[in-house]
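Q: Below is the structure I would like to discuss, written out as structure tokens.
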Amino acid sequence: MRSLGLYIHIPFCKAKCIYCDFYSLPRAEGQMDAYVSALTAQLAAWRERTADCTVDTVYFGGGTPSYLGPDRLCRLLDAVFQSCRVAPGAEITLEANPDSAQDISALRQLHDAGFDRLSLGMQSADDAELRRIGRVHTHAQTVRAVENARAAGFDNLSLDLIYGLPGQTMTRWQANLDAALALAPEHLSCYGLKVEEGTPLSARHERFTLPDDDAQADMYLYAVDFLAQHGYEQYEISNFCRSGRESRHNSRYWALSEYLGFGPGAHSDFGGERFALARDLDAYLAGHTVYSERSAPSARERETERVMLALRTTRGVAAHTLPEAARRILRNCEAHGLAHLSGGFYTLTPRGFLVSNAILVDLLETMEL
Ligand code: SF4
């Protein structure tokens, strides 16, 4: 049997955060029921093509999946079970915003239905910071969401944090990390704020005082150190966890394992083909399959990508699989404290992760020769 991951995209949010470039729509609640039906139909349409697969990870991401409400989410998860062979012990993650995880009986219903991992968009412990970036929750709601999730039976919780927020100081970031650890999550993702084109933050960025690159780098390096001291292993550029609590679903992406994405904007890598569905809810609801990307990467392209993705992780890449020119670049990085060779594997150091884009571009040029 082939191992498969499923990604289910839920493109609804209560409001749009100022930095967000995900495919998510505010004020579209009226389309939720039709969307659940469309997803159910798409899942059923894939039943035959996934007949030789065992699904060992399912990830409901968004948007704000929890905003759909427990009944719709349970119907969708049931559709997954009806359409695919889901392995016993599969990791089934639900992304949730704290404000839509306030009802303990709803969380219990989700846990009983099979969701076993909750990823909460905490982002900050400071209400002023949250308001500034357009988040609709408060820190008190994050605390309550974690308490509710624990009481509902979730023993695998992840918190997302963002550093480099408008006006954020190192002291404030340190306080956010302290507040996150006080909630004892099994997993943490820490992302640096990026000003993405087309977002309100990009349009109005001169109105915000953003920490500069050096300040962001200091915040990142502080987090790596601080989290290690508190028992959270870094296993990818932005991801940290208690031992054995890596996100199994996200790890598939970095290992180039197969996954299928459902919903507008979702990406897939299946049967040697890469494809993404257009970010067009109306077309999706009308049953049209519109691709925004579709390709069949060559063996050489996949090999290059394998190296690039492996270097995002702390597992790294086996030196003997690299061409000499790539090893030369990594030896040079090692001499500058940006990479490390251990047990025959090259990994980037935290300082190397900070400049990983530049390193990967150099490697890419070498590997494409
Ligand atoms: S909650 Fe997440 S997906 Fe929704 S607008 Fe904010 S950042 Fe985007």
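Q: Taking the condition of being touching a Cys at 6+ places or on another chain (Cβ under 9 Å), more than 16 Å from the ligand (Cβ to nearest atom) and open to solvent by 30 Å² or more (accessible area, probe 1.4 Å), how many residues in region 55-90 meet it?
A: 1
Q: Residue 48: within 14 Å of the ligand (Cβ to nearest atom), of a type outside the set (Ser, Thr, Tyr) and open to solvent by 50 Å² or more (accessible area, probe 1.4 Å), yes or no?
A: no
Q: Among the residues of region 24-38, write down those that are surrounded by fewer than 21 Cβ atoms within 10 Å (Cβ to Cβ) and either out of contact with any strand residue (DSSP E or B) (no Cβ under 6 Å at 6 or more places or on another chain) or outside any loop (DSSP other than H, G, I, E, B) (or both).
A: 25, 26, 27, 29, 30, 31, 32, 33, 34, 36, 37, 38
Condition check ((1) at positive phi; (2) of a type outside the set (A, V, I, L, M, F, W, C); (3) without any contact (Cβ under 8 Å) to a residue 40 or more places away in the chain; (4) within 10 Å of the ligand (Cβ to nearest atom)) across all residues:
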{"site": "3", "(1), (2), (3), (4)": "no, yes, no, no"}
{"site": "10", "(1), (2), (3), (4)": "no, no, no, yes"}
{"site": "18", "(1), (2), (3), (4)": "no, no, no, yes"}
{"site": "26", "(1), (2), (3), (4)": "no, yes, yes, yes"}
{"site": "42", "(1), (2), (3), (4)": "no, yes, no, no"}
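Q: If you take the residues of region 1-20 that are under 21 Å from residue 249 (Cβ atoms) and surrounded by fewer than 15 Cβ atoms within 10 Å (Cβ to Cβ), which of them is farthest from the chain's Cα centre (by Cα)?
A: The selected residue is 1.
Q: Can you give me the number of residues within region 140-182 that are within 17 Å of residue 226 (Cβ to Cβ), loosely packed, with under 14 Cβ neighbours inside 10 Å and not polar (S, T, N, Q)?
A: Final tally of qualifying residues: 3.
Q: Now for a different question. I need the full set of residues from region 67-120 which are under 16 Å from residue 8 (Cβ atoms) and in a loop (DSSP other than H, G, I, E, B), in order please. Show your work before the answer.
A: Applying the first criterion (under 16 Å from residue 8 (Cβ atoms)) to region 67-120 yields 67-84, 86, 90-96, 110, 113-119.
69, 84, 114, 115, 116 - these are the residues of region 67-120 that are under 16 Å from residue 8 (Cβ atoms) and in a loop (DSSP other than H, G, I, E, B).
Q: Looking at region 218-260, which of its residues are surrounded by fewer than 18 Cβ atoms within 10 Å (Cβ to Cβ), farther than 30 Å from residue 86 by Cα and of a type outside the set (Phe, Trp, Tyr)?
A: Answer for region 218-260, where residues must be surrounded by fewer than 18 Cβ atoms within 10 Å (Cβ to Cβ), farther than 30 Å from residue 86 by Cα and of a type outside the set (Phe, Trp, Tyr): 218, 221, 225, 228, 229, 230, 231.
Q: For region 300-316, name all the residues that are in a helix (DSSP H, G or I) and open to solvent by 80 Å² or more (accessible area, probe 1.4 Å).
A: 300, 301, listed by residue number.
Q: Residue 93 versus (1) buried (at least 23 other Cβ atoms within 10 Å of the Cβ); (2) more than 16 Å from the ligand (Cβ to nearest atom); (3) among the hydroxyl-bearing types (Ser, Thr, Tyr): which is the lone unmet condition?
A: (2)
Q: Of the residues 269, 282, 213, only one is under 24 Å from residue 310 (Cβ atoms) and free of Cβ contacts under 8 Å to residues at least 40 places away in the same chain; which? Please lay out each step first, then the result.
A: Details: 282 fails: under 24 Å from residue 310 (Cβ atoms); 213 fails: under 24 Å from residue 310 (Cβ atoms).
Within the list 269, 282, 213, the selection yields 269.
Q: Within region 129-151, work out how many residues are assigned to a helix (DSSP H, G or I), within 14 Å of the ligand (Cβ to nearest atom) and of a type in the set (Lys, Arg).
A: Adding up the residues that qualify gives 2.
Q: Out of (1) surrounded by fewer than 16 Cβ atoms within 10 Å (Cβ to Cβ); (2) assigned to a helix (DSSP H, G or I); (3) not basic (Lys, Arg), what's the single condition that is false for residue 297?
A: Residue 297 satisfies every listed condition except (2).
The values are calculated or read from the model by the stated rules, or taken from the named source; none is laboratory data. All of these numbers come straight from a predicted model, not from anything done at the bench. Reconstructed Cβ throughout: ideal geometry from the backbone, glycine too, with neighbour counts over all protein chains shown. Heavy atoms of the whole protein, side chains included, go into the accessibility calculation; ligands, DNA and RNA do not. Shrake-Rupley method; radii C 1.70, N 1.55, O 1.52, S 1.80 Å.
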